[in-house]
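The values are calculated or read from the model by the stated rules, or taken from the named source; none is laboratory data. What you are looking at is a predicted structure, and each value in this text was computed from that prediction instead of being measured. Glycine also receives a Cβ, built like all others from the backbone with ideal geometry; neighbour counts cover every protein chain displayed.
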Amino acid sequence: MQHADLLAQIPLFEGLSEDDRELLAKRLAERKFVAGESVFNKGDAGSSMYVVLSGSVQIFLPPEEKGGERVTLKDVRTGEYFGELSLFDDKPRSASVDALTETILLELTREELGEHLGRSKTAAIAILSEMAERLRETNSLLSQRATTNVVKEIEENLTFGQRLADKVAELNGSWAFMLFLIGLSICWAAINKTLPHPFDEYPFVFFNLLLAILVALQGPLIVMSQNRQTMKDRAQAENDYRVNLKNELNIEKALSELAAFRAETQKRLEIIERAQRADRVRAEVPAKAPGGPLA
C-alpha cells in the first residue's frame, strides 16, 4: 500500500487533497523494529506519530510496581496509526509501545508536519477543519444527556408478536407453568381413565401430540425473546459507554479548569507577595527629610 493511501485512512488527514497527501507522504520516515523492541515508553517526550506499514505493535501500560503485569490497551496492525496527539502538544507519552512482530513504521514528526503546513495553506485549513469538527462533536457530546433508559425505549416499540414471545418465554421459566403442565397431565389421565368412553385412551396419543406442538412453538418464541434480550444488553452496553465517555470528558475538562485556576491563583499570590515585599522594603528605608542635614 502506498504511503499516501495510508494517510488517507487517518481521519486527521482525510480532508487533504491528493497532492498534499503525496507531498506529506514523502516526509514520512520508515523505521524498522524487531519483535519485542520498544518503540517508545510511557513518560517519554512525544513529538511524532506512527503509521503501521507492516507488522503489528502493542500499546500497553507498564506495571506500576516490580513484578506486576502490564495492561494491554490495543494491538495496532497494518494500516492503523497511533501517537497523533503528539503532533500538537509537548506532553509526555501516556503509554508504552512494543513491536509484536518484525514491524515497519512510518514516522511523521512535528517538525515535518509544521514545515509542510507552512508551505501549504490548504493543508493547514483542512487539518484545522478536521480538528474543529472533532471539537464540535465533543462539545455536542458534552451538551447532551448521555443517560437514557434504552431498555424502556426498546420495550415501548415492541410489536404484539414480540410482546407475546417475551410473555411466553417469561411464563416458560416459571413454576406456575410447570405446575400447570403437571396438573393438566394428571387431570387428562384421570378423566380418560374414569370416562366410559374416553376421548384419548392410554397411551394418550392426542395429549402427546398437543405437548409436541406446544414444545415446537415454544422453541422459536424463546429464541426470539433471547435475541431481543441480547439486543437490549447491547444497547445498554453502548449507553454505558457513552455515559463513561462523557464522564471522562467532563473529568478532563474539570481537571483542566482546575489546573488553570491553580496557575492563575499562584500568579496572583506571587503578585501580592511581591507587592508586600516592596511595601516592607519601603517601610524599612527611612524617608529623607527635604533640606535636612547630610550624615
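Please enumerate the residues belonging to region 1-60 that are in a strand (DSSP E or B), of a type in the set (Val, Ile, Thr) and touching a residue at least 60 places away in the same chain (Cβ under 8 Å).
Scanning region 1-60 gives a single hit, VAL39.
Count, please, the residues in region 161-204 that happen to be under 58 Å from the mean Cα position of the chain (by Cα), part of a helix (DSSP H, G or I) and not basic (Lys, Arg).
So the count comes out to 22.
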Looking at LEU158, is it outside any helix (DSSP H, G or I), loosely packed, with under 14 Cβ neighbours inside 10 Å and at pLDDT below 80?
yes
Can you pull out the residues in region 84-109 that are surrounded by 15 or more Cβ atoms within 10 Å (Cβ to Cβ), modelled with pLDDT of 85 or more and of a type outside the set (A, V, I, L, M, F, W, C)?
ARG93, SER96, ASP98, THR103, GLU107, THR109
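Just for strands (runs of 3 or more DSSP E) wholly inside region 71-128: which have at least 3 residues that are closer than 18 Å to HIS3 by Cβ? Working first, answer last.
Numbers: elements: 71-77, 96-99, 103-109.
Those strands (runs of 3 or more DSSP E) span 103-109.
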I need every pair where a residue in region 241-260 that is on the phi < 0 side of the Ramachandran plot has its Cβ under 7 Å from the Cβ of a residue that is among the β-branched types (Val, Ile, Thr), sequence separation at least 6 or different chains.
VAL243/THR147; LEU249/THR138
Restricting the first residue to region 98-127 and requiring it to be without any contact (Cβ under 8 Å) to a residue 40 or more places away in the chain, which pairs with a second residue that is in a helix (DSSP H, G or I) and of a type outside the set (A, V, I, L, M, F, W, C) meet a Cβ separation below 9 Å and a spacing of at least six or different chains?
ALA124/HIS116; ALA124/GLY118
